[in-house]
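K.L.:
What follows is a single structure, and I will ask about it in a moment.
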Amino acid sequence: MLLAVVVSAVLALSVPAVQGQVYGWGGCPNVPTAQNFAVDRWLGTWIEIARFPSSVEENVDCGTDTYTRLQDGRIEFKYAGIRDGQAIDHVAPLYAVFNPEAPAKFNVPYFDISFLPEMPYWILEIDHDPETGYFVGYTCMDAWIGNMQILWIFSKEREMDEERLNGILGRLEGYGIDVSELEYVRQDDTCPALP
């Protein structure tokens, strides 16, 4: 029995580790979600400003996420960027289930692997302004004696005002999220034009 528990724990920690994230001790931090979140105003393309390390996004510059509502109500996430001078798109889009009762909280299945738990994707903060807006996306899953966290900061602009960014980072630290692992994404004039 103990062997089965250990093997299950190792598998649970190993599968998500392929994509990369930050680990912490204990349960996930208790974080609020954006009370002003409006899914229809959030849809579209956002520019990646910072992220926790991820093998999927390793060495990617000019990162963007595009969110589209499908006819069945799910939200499609498509990631794009530049790696080693070559345009990349995420290998497979992810599809989130939208919950109107908790609009800033999505569940994202691990592709078509039904035996794995769905990954939560929460919008912690958002400014819906179509020109200068930003949002913070966050995932945390309890994993045995610790937790696995993934965090992104997106903007409508290629550069985020330093005062605004520092304010976001301060609030995240106040929630118990260690932002020291954040990687800042190169976004400049060499990046492709947005759609």
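K.L.:
Hey, what's the Cα Rg ratio for segment 144-185 versus the globular rule of thumb, 2.2 N^0.38 Å?
P.N.:
1.32
K.L.:
Sticking with this one: Can you pull the one-decimal nm distance between simple spin-label points at Arg41 and Ser180, each 7 Å off the Cα toward Cβ?
P.N.:
Here the answer is 3.6 nm between the modelled labels.
K.L.:
Kirkwood Rh and Cα-based Rg: tell me the resulting Rg over Rh for segment 115-195, rounded to two decimals.
P.N.:
Values: Rg = 14.7 Å, Rh = 14.5 Å.
Result for segment 115-195 is an Rg/Rh of 1.01.
K.L.:
So for the pair Val56, Glu162, with labels modelled 7 Å out along Cα→Cβ, what separation do we get in nm?
P.N.:
3.3 nm
K.L.:
Evaluate Rg over Rh across segment 42-111, taking Cα atoms for both radii and Kirkwood's formula for Rh. Mind dumping the intermediate values first?
P.N.:
Working: Rg = 13.0 Å, Rh = 13.1 Å.
Rg/Rh for segment 42-111 comes to 0.99.
K.L.:
For segment 119-195 and segment 21-59, compute the distance between their C-alpha centroids and round to whole Å.
P.N.:
What the calculation gives is 5 Å, centre to centre.
Any read-out appearing in this document is the output of simple, stated calculations on the displayed coordinates, not a laboratory observation. Predicted model only: the values in this text are computed from it and were never measured. Because the Cβ atoms are built from the backbone with ideal geometry, glycine has one as well, and the counts that use them run over all protein chains shown.
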